[in-house]
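Peer 1: Below: one structure in structure tokens.
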Number of protein chains: 2
Amino acid sequence: MTGSRVSEKTSGIRDVAALAGVSPTTVSHVLNQTPHTRVSEETAARVRAAAEELGYRPNRLARGLRTQASDMIGLLTEEIATTPHAGRIILGAQEEASRRNLTLAIINSELHPDPEMDESQIQAFLDRQADGIIYATVYHDVIEAPENLLMRPAALIGARDTAGSIPAVLPDERGGAASVVDMLVARGHRRIGFAASADDVPATRGRLQGYLDGMARAGLSTDGLIVEGGSDARGGYRATLALLEREPTAVFCYNDRMAMGAYRAAADRGLQIPSDLSVVGFDDQAPLPESLFPALTTVALPHYEMGAWAVAALADLIQGTRDGQPRAADPEVLECPLIERDSVAPPRRRAAA
Amino acid sequence: MTGSRVSEKTSGIRDVAALAGVSPTTVSHVLNQTPHTRVSEETAARVRAAAEELGYRPNRLARGLRTQASDMIGLLTEEIATTPHAGRIILGAQEEASRRNLTLAIINSELHPDPEMDESQIQAFLDRQADGIIYATVYHDVIEAPENLLMRPAALIGARDTAGSIPAVLPDERGGAASVVDMLVARGHRRIGFAASADDVPATRGRLQGYLDGMARAGLSTDGLIVEGGSDARGGYRATLALLEREPTAVFCYNDRMAMGAYRAAADRGLQIPSDLSVVGFDDQAPLPESLFPALTTVALPHYEMGAWAVAALADLIQGTRDGQPRAADPEVLECPLIERDSVAPPRRRAAA
DNA sequence: CTGAAAGCGCTTACAG
DNA sequence: CTGAAAGCGCTTACAG
């Protein structure tokens, strides 16, 4: 029975007040449940009925102007277009924002940005009184935060800032890579090759380091088992071909695209995956892993979780700021979970120790 | 020399007025270049200098409250997460919004949504006085627009509404598919198989229809050349295997994932792509096409363009609404461009007519 | 328990 | 050419 009428003009707090026979002040109090304010249950009921009757929705703009809180946060993403699945960062951020009754505004920034560009994008959020700003980057480790980012509470995704004053969340590339080796070792592999990336990005170093960690704690040699290549299918193809000379029983690729090349290399050499050769990727970049024969075992990046974490941290920061209790900014490192599919099996023959 | 000071408190229009020795009214007029208002160049210069000096930025919230225009538009996307590359819809929408000095807020909706859910998401935009709302769907053809979507100017991406009252933009799946056949025919192919999808979505029908169009205008028979399969790599594999019985010289797959299966099927039969068999996909779903050997010729969906178009249409509509001139809502159909890579070659032998 | 008044930071008739 | 005043729709001390 709620307003199926097509209300011409949206009604304001004054309309509700008039209909309920009280002042706007009282309407505000009951609808917001203002603390330390007692309103008789009878009056409150009348107000609620009137609000319902009129389909009253408080104007958030007006409220924001008065309370100096827009309840909006801005997400500045670096090149959402080219990033594998960065849409999930947005999704995580948006859903967490909704949970907290916050609106998420987004602006995309170019890759390799002109710092002044970024500042002007941030300014756009500032102009709209964003309560806080999230800066999501890819391919970076530590960045110099744009100057005006510090004018409001902020959070970083995918990088730390040089000053270390902004809460940041990062994927645990290193740990994820190490867990791949652990799993491979547990399956009986001893000669595990790594098709590394030649790109100069933090992920390159982190994943290589994780591979090294895993091999080291299993007491395994990596001698001749690391080959560098381009980070695409072609690079993975070449790297795997080179690796195959060393007769590994498994090859762990820097990313899924390289793993795709590894499949091709295996086919060229007449090797079956996973019976003759196990292959593992990284990124869980849909739709690749599921489209391969057999489906690729890989490691996922916690995009959704990073987006959600950043919003949560920012919201807490904003609360803290309001209460005058700024929070510490320890970089949060989120797990990169191993996604097991069908490209790993025990080695065909026991490898000699 | 602009404000390298860390301004404690952000300054308002009153501060500028005081510094320039004029009234807030005058400041507003010169900064907004209000039409039909002449301010002496001398005064104007003083105002601009003062604004610059103080790093004054108008509070958009306050302005919005006064002008009844938030300059914000809402984008409600259906399941951005699972859609191949729908991030580009957001990108296109955001960039067009920035060009028009509009802010884009986004909310994601579940797939197969509870209509009431959608209404409450839209309500969130309405509460924030969004000037307009874009509703982006996938996998639909015509939808029943959520009731409250009509309360403000709106635009649809990927679907038309039953009433036909909302501007809508759609990809020309049919034309894109037809252009694939045209190209194949121009290269000399006559026996062109189609690995169709069994999914019941508009894209299925559109692409099949386009294939049929192309074959018809080339006067080619499709007898036994259409095989239906699941819309993933496995489905493409099976469909292609079946198709190969009919000795086609080219197979056109419903999407890139199926094309991936086609590559596998060709390999199983000892067929080289493109010399023995040409393969074409649809979607240009990164990173698949570039990761295949050889790189896959396919058709791209105009995600970016649809996002940008919707914002432009909406902005015009809002303008029109303000000027009391509502626009007509003809569905806009955007081209799906053919992306030629390396998976197509002339047929090895002249096929008998 | 309830309300009158001020004010958030702007813009905009209107007057001079 | 310039400014005083009202008002957008709320919330919040403060008073009663």
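The values are calculated or read from the model by the stated rules, or taken from the named source; none is laboratory data. Note that this is a predicted model, so its numbers are computed, not measured. As a convention, Cβ positions derive from the backbone with ideal geometry for all residues, glycine included, and neighbour counts pool all protein chains shown. Surface accessibility is based on the protein's heavy atoms, side chains included, excluding ligands, DNA and RNA. Shrake-Rupley method; radii C 1.70, N 1.55, O 1.52, S 1.80 Å.
Peer 1: Given (1) at pLDDT below 95; (2) assigned to a helix (DSSP H, G or I); (3) out of contact with any helix residue (DSSP H, G or I) (no Cβ under 7 Å at 6 or more places or on another chain), identify the lone condition not met by B:W309.
Peer 2: (1) is the only condition that B:W309 fails.
Listed here are the residues, each with its yes/no results for (1) assigned by TED's automatic domain parsing to the domain that holds B:A203; (2) more than 17 Å from B:I90 (Cβ to Cβ); (3) touching a strand residue (DSSP E or B) at 6+ places or on another chain (Cβ under 9 Å).
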site: B:T103; (1), (2), (3): no, no, yes
site: B:I107; (1), (2), (3): no, no, yes
site: B:E119; (1), (2), (3): no, yes, no
site: B:I122; (1), (2), (3): no, yes, yes
site: B:F125; (1), (2), (3): no, no, yes
site: B:I134; (1), (2), (3): no, no, yes
site: B:Y139; (1), (2), (3): no, yes, yes
site: B:I143; (1), (2), (3): no, yes, yes
site: B:E147; (1), (2), (3): no, yes, no
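Peer 1: Looking at the structure I just gave you, is B:A308 open to solvent by 10 Å² or more (accessible area, probe 1.4 Å) and either under 27 Å from B:G92 (Cα atoms) or in contact (Cβ under 8 Å) with a residue 60 or more places away in the chain (or both)?
Peer 2: When the stated conditions are applied, B:A308 passes them.
Peer 1: Would you mention how many residues in segment B:37-51 are more than 12 Å from B:I13 (Cα to Cα) and more than 8 Å from DNA strand C (Cβ to nearest atom)?
Peer 2: So the answer is 10.
Peer 1: Could you say which residue among B:V39, B:V47 is near DNA strand D (Cβ under 8 Å from one of its atoms), touching a residue at least 12 places away in the same chain (Cβ under 8 Å) and either open to solvent by less than 30 Å² (accessible area, probe 1.4 Å) or not in a helix (DSSP H, G or I) (or both)?
Peer 2: Working: B:V47 fails: near DNA strand D (Cβ under 8 Å from one of its atoms).
One residue alone meets the criteria, B:V39.
Peer 1: Let me spell it out: the conditions are (1) open to solvent by 10 Å² or more (accessible area, probe 1.4 Å); (2) assigned to a helix (DSSP H, G or I), and B:Y211 meets all of them except one. Which number is the exception?
Peer 2: Among (1) open to solvent by 10 Å² or more (accessible area, probe 1.4 Å); (2) assigned to a helix (DSSP H, G or I), the lone unmet condition for B:Y211 is (1).
Peer 1: Restricting attention to segment A:142-181, which residues are farther than 21 Å from A:Q121 by Cα, touching a helix residue (DSSP H, G or I) at 6+ places or on another chain (Cβ under 7 Å) and among the acidic types (D, E)?
Peer 2: A:E173
Peer 1: Sort out which residues of segment B:56-80 are away from DNA strand D (no atom under 14 Å from the Cβ) and either crowded, with 18+ Cβ neighbours inside 10 Å or among the aliphatic types (A, V, I, L, M) (or both), and write them in order of number.
Peer 2: B:Y56, B:D71, B:M72, B:I73, B:G74, B:L75, B:L76, B:T77, B:E78, B:E79, B:I80
Peer 1: Condition first: in contact with a Pro (Cβ under 8 Å, 6 or more places away or on another chain) and open to solvent by 20 Å² or more (accessible area, probe 1.4 Å). Now tell me which residues in segment A:240-284 satisfy that.
Peer 2: Residues satisfying the conditions are A:T249, A:R257, A:I273, A:P274, A:D283.
Peer 1: Given A:I106, A:I134, A:I122, which one is in contact with a helix residue (DSSP H, G or I) (Cβ under 8 Å, 6 or more places away or on another chain), surrounded by 20 or more Cβ atoms within 10 Å (Cβ to Cβ) and more than 12 Å from chain B (Cβ to nearest Cβ)?
Peer 2: None of the others qualify; the one that does is A:I134.
Peer 1: Are there any pairs, at least 6 apart or on different chains, whose C-beta atoms fall under 9 Å, with the first in segment B:59-80 and under 27 Å from B:D118 (Cβ atoms) and more than 9 Å from every other protein chain (Cβ to nearest Cβ) and the second within 8 Å of DNA strand D (Cβ to nearest atom) and of a type outside the set (A, V, I, L, M), and if so, which?
Peer 2: none
Peer 1: Is segment B:81-95 home to any residue that is at pLDDT 90 or above, charged (D, E, K, R) and either more than 30 Å from A:D284 (Cβ to Cβ) or not assigned by TED's automatic domain parsing to the domain that holds B:H140 (or both)?
Peer 2: No - not one qualifying residue is present in segment B:81-95.
Peer 1: Any residue at all in segment A:274-294 that is modelled with pLDDT of 95 or more, among the β-branched types (V, I, T) and touching a strand residue (DSSP E or B) at 6+ places or on another chain (Cβ under 6 Å)?
Peer 2: Among the residues of segment A:274-294, at least one is modelled with pLDDT of 95 or more, among the β-branched types (V, I, T) and touching a strand residue (DSSP E or B) at 6+ places or on another chain (Cβ under 6 Å), which makes the answer yes.
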